[in-house]
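Colleague: One structure, as C-alpha cells, below. Some questions next.
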Amino acid sequence: MTEIINADVVVIGGGIAGLWLLRTLHNKGYKAVLLENNSFGGGQTSKSQGIIHGGIKYTLSGSLTKASQCIVGMPDRWRKALNGDDNLNLMDSTILSNHHYLWSPGGLNSKLTSFFASKVLRGRVELLKQSQLPDIFQCQGFKGKIYKLDEIVLDINTVIRSLISGLENKCLKVDWCKNTKLTMENNNIDYIEIKQKEEVVRLRADRYVTTAGEGTADLMQLLGVNEPIMQLRPLHMLMIKHKYSNPLFAHCIGSKFIPRMTITTHAAADGSWIWYLGGDIAEKGVKHSPEKLINIAKQELKELLPWVDLKDAKWATMKVNRAEPKQNDLLRPDTAFCQTVGNSIITWPTKLALAPNLSDQIVNMLEASNINPSSNKDFSLPKELLRPGVSPPFWSDYFD
C-alpha cells in the first residue's frame, strides 16, 4: 500500500543550506521534509573550515568589493543564533574561536594599511598591540602585524547537530539509484516515491528546493533541465595532526588579493590538534600531488612560523569541490543563488556563512508565490523509514 504525504516544501540535500532552511521552515509552521542520500553535512559542509566570514578577505585589494558587502552582516546574524536571539537557535553549537585573524608576516602596503584603518571598516578590523596578540604569536621570532577580524569560527559538526535536533522525524535517507524515484508531469515534479522495506511513500509538495551542492547537477538531470549551469572550483586542502598547544585561526596574507593560506584549528579525539589549511595554497594545490603539496606546505610553514615545532606531525591532503552557479571565467560568485524552475527552486549558498541569506531568499520566494505554512503540528514521517546520520569530522578518514 502506498502512503501519500503532502508537504508544503521538500528540501533535497542535508548540508548547511538544507538544514538551515529546514529549521527555518519548521519554525515558521511549514510542513517541510528533508531528503539526504548520504549523511548530514557529508559534502562541502563538513569539509569547510567553519569560518563565518564578514568579507574582509575579499578586501585585500585595498577597497570594498561586492563580495565583501554581500557577506558583511553574516557574523552578526550567526551570533544572534548562537546567543539564542534569532528565530533559529544554535546555543548548543561550539565556538572554536570568537575571532578570526589576519596575519601579515611582514609589513602591509600603505594602501591596505590605510584602508584597514578607515571608517568604512571600523568595528570589522582591529590592529592588535604586542600584548594583545594570540599566544602563538607571542614570541620574539614574530615581526609582523596581526589584525583581529569581526568573524567567528565554529565547530561545524555541532552546528549540524543543533540544526537537526528534534527534526529527525522530518528527514529521510534516500537512494536515487535504488529506492527513490522522481516523477515529472508538465515540467513540474508530480511526486517523489520512496520504497524502503515494506514501506512505499509518495511525497507531494508545493515547492521542491535543491540544496545538494555538487549533487544538484544530478538532480537537474532528473528534472530534465540544463539551466542554471553549475561550476566546480576545486581545492586541495591540507591537514596537519600535531601536539603543538597554541591554536591558530588566521588568514596569512602576502602580495596577492587572496590569503596566502588560511589556517583553522580543530581538536582530535585523542587530544591532538588538527591544523586545516586552505587559501591560495589549496587553490594552487589542485595541480600538485599530495606529496608535493605537503612538501610545499612544510616549507611555507617553516618560513612563516619557524618557532612552531611540527617535526613529529602527521600530514594529509583532501580534495574538495566548491559547487556554485556558473560565472564567467569560473570566478567566485558573490552571493547566494536561487532560481525557480517549474515548481522547484535550484540553489547554491556559495559560502557557508551565507546559509541564512539563502534561507531568507527562499522564504521570500515562497511568500511571493502564496505558498504559506499549512501548520506542521503532529506532522511526521513513518518511523520505519531510514534516517541519515551526521557526517564524522573531515579528518576521521585520514588520522583516526
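The values are calculated or read from the model by the stated rules, or taken from the named source; none is laboratory data. Because the structure is predicted, anything quoted here is derived from the model rather than measured. Virtual Cβ from ideal backbone geometry, glycine too; neighbours counted across all protein chains shown.
Colleague: If only one of I281, I258 is closer than 30 Å to Y147 by Cα, among the hydrophobic types (A, V, I, L, M, F, W, C) and buried (at least 21 other Cβ atoms within 10 Å of the Cβ), which one is it? Spell out how you get there, then give the answer.
Modeller: Values: I258 fails: buried (at least 21 other Cβ atoms within 10 Å of the Cβ).
It is I281.
Colleague: OK, next. Within the group V320, V286, which residue is assigned to a strand (DSSP E or B) and either under 24 Å from G43 (Cβ atoms) or in contact (Cβ under 8 Å) with a residue 12 or more places away in the chain (or both)? Talk me through it step by step, then tell me what you get.
Modeller: Values: V286 fails: assigned to a strand (DSSP E or B).
Answer to the check: V320.
Colleague: Within the stretch 356-372, how many residues turn out to be more than 26 Å from the chain's Cα centre (by Cα) and either among the polar types (S, T, N, Q) or modelled with pLDDT under 95 (or both)?
Modeller: Number satisfying all stated conditions: 3.
Colleague: Evaluate the following for L310: is it in contact with a helix residue (DSSP H, G or I) (Cβ under 6 Å, 6 or more places away or on another chain) and either in contact (Cβ under 8 Å) with a residue 12 or more places away in the chain or among the aromatic types (F, W, Y) (or both)?
Modeller: Values: in contact with a helix residue (DSSP H, G or I) (Cβ under 6 Å, 6 or more places away or on another chain): no; either in contact (Cβ under 8 Å) with a residue 12 or more places away in the chain or among the aromatic types (F, W, Y) (or both): yes.
The answer is no for L310.
Colleague: To continue, here is another question. Which condition breaks for W307 when tested against (1) aromatic (F, W, Y); (2) under 30 Å from T210 (Cβ atoms); (3) surrounded by fewer than 17 Cβ atoms within 10 Å (Cβ to Cβ)?
Modeller: (2)
Colleague: Report the residue count in the stretch 125-167 for those that are under 28 Å from the mean Cα position of the chain (by Cα), at pLDDT below 95 and basic (K, R).
Modeller: Summing the residues that are under 28 Å from the mean Cα position of the chain (by Cα), at pLDDT below 95 and basic (K, R) in the stretch 125-167 gives 1.
Colleague: Looking at (1) outside the structural domain of S165 (by TED's automatic domain parsing); (2) modelled with pLDDT of 75 or more, which is the one condition that is false for G41?
Modeller: Exception for G41: condition (1).
Colleague: Among the residues of the stretch 4-53, count how many are touching a Ser or Thr at 6+ places or on another chain (Cβ under 8 Å) and β-branched (V, I, T).
Modeller: 6
Colleague: So, one more: Select from the stretch 259-280 the residues that are under 18 Å from the mean Cα position of the chain (by Cα) and hydroxyl-bearing (S, T, Y) and write down the one among them that is modelled with the lowest pLDDT.
Modeller: It comes out as T262.
Colleague: Quick check on my filter: what residues within the stretch 337-364 are more than 19 Å from I16 (Cβ to Cβ) and of a type in the set (A, V, I, L, M)?
Modeller: V341 - this is the single residue of the stretch 337-364 that is more than 19 Å from I16 (Cβ to Cβ) and of a type in the set (A, V, I, L, M).
Colleague: Given the residues K326, K377, K298, which is the only one that is among the basic types (K, R), more than 25 Å from R79 (Cβ to Cβ) and at pLDDT 95 or above? Break it down into steps so the answer makes sense when it comes.
Modeller: Numbers: K326 fails: at pLDDT 95 or above; K377 fails: at pLDDT 95 or above.
Answer to the check: K298.
Colleague: Moving to a separate point now. Among the listed residues T335, T340, T350, which satisfies the condition of being out of contact with any Asp or Glu (no Cβ under 8 Å at 6 or more places or on another chain), part of a loop (DSSP other than H, G, I, E, B) and not assigned by TED's automatic domain parsing to the domain that holds Q138? So that I can check it myself, show each step before the final result.
Modeller: Details: T340 fails: part of a loop (DSSP other than H, G, I, E, B); T350 fails: out of contact with any Asp or Glu (no Cβ under 8 Å at 6 or more places or on another chain).
Step by step, each of T335, T340, T350 is checked, and only T335 is out of contact with any Asp or Glu (no Cβ under 8 Å at 6 or more places or on another chain), part of a loop (DSSP other than H, G, I, E, B) and not assigned by TED's automatic domain parsing to the domain that holds Q138.
Colleague: Could I ask something else about it? Anything in the stretch 217-236 that is touching a Pro at 6+ places or on another chain (Cβ under 9 Å) and either more than 22 Å from L19 (Cβ to Cβ) or not in a strand (DSSP E or B) (or both)? List them, or say none.
Modeller: The initial filter retains those residues of the stretch 217-236 that are touching a Pro at 6+ places or on another chain (Cβ under 9 Å), namely 220, 228-231, 236.
Selection gives M220, P228, I229, Q231, H236.
Quick grid of which residues meet (1) surrounded by fewer than 18 Cβ atoms within 10 Å (Cβ to Cβ); (2) touching a Lys or Arg at 6+ places or on another chain (Cβ under 6 Å); (3) not polar (S, T, N, Q):
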{"position": "V320", "(1), (2), (3)": "no, yes, yes"}
{"position": "A323", "(1), (2), (3)": "no, no, yes"}
{"position": "A336", "(1), (2), (3)": "no, no, yes"}
{"position": "P373", "(1), (2), (3)": "yes, yes, yes"}
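Colleague: Moving to a separate point now. Check whether at least one residue in the stretch 71-79 is closer than 30 Å to G166 by Cβ, modelled with pLDDT under 85, surrounded by fewer than 15 Cβ atoms within 10 Å (Cβ to Cβ) and not hydrophobic (A, V, I, L, M, F, W, C), and report yes or no.
Modeller: Looking for residues that are closer than 30 Å to G166 by Cβ, modelled with pLDDT under 85, surrounded by fewer than 15 Cβ atoms within 10 Å (Cβ to Cβ) and not hydrophobic (A, V, I, L, M, F, W, C), one finds at least one in the stretch 71-79, hence yes.
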